[in-house]
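Taking it in order: structure first as structure tokens, then the write-up.
Laboratory data are not the source of any read-out in this text; all were calculated from the coordinates shown. Owing to the predicted nature of the structure, the values given are computational and were not obtained by experimental measurement. Because the Cβ atoms are built from the backbone with ideal geometry, glycine has one as well, and the counts that use them run over all protein chains shown.
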Amino acid sequence: MRNYRFAVVLALLVVSVPLSGCAALDTPSSDAEASGSEPDPEAVFEAAYVYGDDLEDVTGTRRNEVTNGSHTLSEVVQVYERPYVDQRTKVIDAPDPNQIGNLYVSNATKNWFYYPSAGVAQYFEPEKPFDDEVRSSRAEMAAENLGKYDIEYNGTDRVAGRETHVLDVEAKNETVEKGISAIVGDTEYVYALETSNPRKGLRVVEQTLWIDTEYEYPLKERVVFKPAGEERIVMVEEFESVAFNSGLDDETFAFEPPANATVEDIS
């Protein structure tokens with residue numbers, strides 16, 4: 001999962017810069033907001049890694065957009081997810097028509113990448129199935145990241161028709177900026193920009209998160225990169241529509257490649 005989303009974002013950045021669905025229901029503000037007090041920003045940040053206990057699944061459409069100066073490119077993906085391993089995403093709109101229909105499917109035992117325009121299906125099998133340890137690992141990662149960032153609560157806002165907590169996240173030093181942690185989507189992942197991006201001197205100067213107040217699920221993220229001596233690059237991932245607990249079944253997260261597809265093992 002991590003490699004797929006990582007590759008998508010880096011590919012968008014490299015080409016300078018490349019880089020609706022389900023009904024959303026309004027949700028009430030949290031008890032803390034109702035009483036006029038602000039929630040603890042660090043608690044909100046940690047919860048965004050492990051979500052609320054009532055969250056069973058997520059369905060929606062998400063736009064991934066990158067702006068470099070006056071040039072903006074974006075793609076839209078259909079998202080199905082059950083925390084923390086099951087995921088299915090399909091590109092439904094993109095600048096390159098050949099990207100439309102690209103599919104990613106993951107479950108506890110196998111990850112699939114299917115590129116219909118090329119007729120190629122690739123799969124990755126972990127050495128052992130993912131299990132409940134994923135949740136505890138995410139909780140540990142959240143606690144670790146609290147020491148890397150200064151987090152400020154910036155009120156509430158609406159994303160995809162839902163109430164969200166807004167957090168401004170600032171790296172405490174340049175080392176953290178070059179390996180910024182991003183959490184929109186089903187799995188926390190890291191932009192290893194320092195070693196994997198050809199743009200030298202690229203660093204993160206701003207990061208903002210919008211986190212659903214009911215299910216503690218991140219619905220939007222904005223990250224601003226500043227290449228040395230160049231214009232800022234702004235990346236935004238945002239759910240345009242979202243619904244929770246729709247009752248997704250196991251078949252949603254299974255995939256069988258077409259008979260005429262070239263199948264490749266990339267484990």
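Please state the relative contact order of the stretch 212-267 as a whole percent: Cα pairs under 8 Å, 6+ residues apart? Don't jump to the answer; show the numbers that get you there.
Numbers: 30 pairs, mean separation 11.9, N = 56.
It rounds to 21 percent for the stretch 212-267.
What are the ³J(HN,Hα) couplings of the stretch 73-85, residue after residue, when phi is run through the Karplus curve with 6.51, -1.76, 1.60 and θ = phi - 60°? Round to Hz, x for glycine and proline.
10, 8, 9, 10, 10, 8, 10, 10, 8, 10, x, 10, 10
Using a cut-off of 14 Å between alpha-carbon atoms, which aspartates and glutamates can reach K110, once sequence neighbours fewer than 8 places away in the same chain are excluded?
D86, E125, E127, D131, D250, E251, E256, E264, D265
First measure r as the distance between the Cβ atoms of D250 and D157, then evaluate 1/(1 + (r/R0)^6) with R0 = 35 Å and state the FRET efficiency to the nearest 0.05.
0.50
If the reach is capped at under 27 angstrom between alpha carbons, list the lysines near K172, excluding any in the same chain fewer than eight residues apart.
K148, K200, K220, K226
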